[in-house]
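Shown next, in structure tokens, is the structure this report addresses.
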Amino acid sequence: MHKFYDDLKDFILNQEEKERLIPYYESLIQLESYPEMKDLLIQYKDSSYNIDYNEPDEFDGYSNGWLEFYEENNPITYTIELDISQMQGGYCQCKPKDEGYNSDKKCCGISCDVHLPKVSIVKEVKLLNHEFQGYERDLWALEEKWLMEYEKDLLQKKQLEKVSNIEAQIAQLQKELEVVKSGLKN
């Protein structure tokens, strides 16, 4: 098995949320032979990526969070989004006498309502990592410039836009006035 899957399995086994993550691991196993997965597997094989699990927002009913794969000083990171698919199947009507019935789950697990795990893999490449060149006082001077010059320019643009809108309203009202006056003459 590929190093990626071995590392991910070890990671999951050490998580409190392992029951939530195991179905996603199995979904990723199904992708092992996909050409789109090769980039991640090749990159991972020759690296020492760290893995982090990020829990979903408490109000997000369509996600089980995401896994991040990152390495210090490597501009390439991967995020695996752990989504929840739309409901599939119909209302469960399984009975204990049905073939394949699981008494613990009270279901046969075929054609019954289920939300299956769904993964999306995002590759992020950091193009540039730049730190401001200068001192804090240089930033103060630039901030002052923003407050003085750029905000002044923005205010002038807003005033010109307002003038243009007022002129358009005046032109529209003059047209309406002419229509009303012509109606009074008749």
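How would PHE69, PHE132 rank on accessible area, largest to smallest, probe 1.4 Å?
Values: PHE69 0, PHE132 85 Å².
Result of the area sort, largest leading: PHE132, PHE69.
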Per residue of segment 29-42, in order, report the coupling 6.51 cos²θ - 1.76 cosθ + 1.60 (Karplus, θ = phi - 60°) as ³J(HN,Hα) in whole Hz, putting x for Gly and Pro. 4, 5, 8, 3, 8, 5, x, 5, 7, 4, 4, 5, 5, 5
Rounded to a whole %, the carbon-and-sulfur portion of the accessible area of segment 1-83 at a 1.4 Å probe is 46
Roughly speaking, what is the centre-to-centre gap between segment 134-186 and segment 66-91 when only Cα atoms are used, to the nearest Å? 46
Phi to ³J(HN,Hα) by Karplus 6.51 cos²θ - 1.76 cosθ + 1.60 over segment 171-184, Hz, x for Gly, Pro: 4, 5, 5, 5, 5, 5, 4, 4, 5, 5, 4, 5, x, 6
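Dipole size in debye (nearest 20) for segment 44-91 around its Cα centre, Lys and Arg Cβ +1, Asp and Glu Cβ -1? If you can, show how the numbers build up before the last one.
Numbers: 1 positive and 11 negative charges, 53 e Å.
My answer is approximately 260 debye.
For segment 102-171, which whole-number percentage of the solvent-accessible area (1.4 Å probe, protein heavy atoms only) is attributable to carbon and sulfur atoms?
Numbers: 3670 of 6730 Å².
Of all accessible area on segment 102-171, carbon and sulfur atoms account for 55 percent.
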Lysines whose Cα lies under 28 Å from that of LYS45, excluding same-chain neighbours fewer than 8 positions away: LYS3, LYS9, LYS18, LYS118, LYS123, LYS126
For GLU144 and ILE166, what is the calculated FRET efficiency with R₀ set at 45 Å and r taken between the beta-carbons, to the nearest 0.05? 0.85
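Just reorder TRP66, TRP140 by solvent-accessible area, largest first, 1.4 Å probe, all chains present.
Working: TRP66 95, TRP140 150 Å².
Solvent-accessible surface, decreasing: TRP140, TRP66.
Can you compute the charge dipole magnitude of the chain about its Cα centre, using +1 on each Lys and Arg Cβ and -1 on each Asp and Glu Cβ, nothing else charged? Give it in debye, rounded to the nearest 20. Show your work: numbers first, answer last.
On the way: 22 positive and 38 negative charges, 230 e Å.
Dipole of the chain, to the nearest 20 debye: 1100 debye.
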Over the chain, with the other protein chains present, what is the accessible area per residue in square angstrom, probe 1.4 angstrom? 81
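The values are calculated or read from the model by the stated rules, or taken from the named source; none is laboratory data. Just so you know, these numbers come straight off a predicted model, no measurement behind them. Positions of Cβ are generated from backbone atoms using ideal geometry, with glycine treated the same way; all protein chains shown enter the neighbour counts. What goes into the accessible areas is simple: the full protein's heavy atoms, side chains included, and nothing from ligands, DNA or RNA. Shrake-Rupley method; radii C 1.70, N 1.55, O 1.52, S 1.80 Å.
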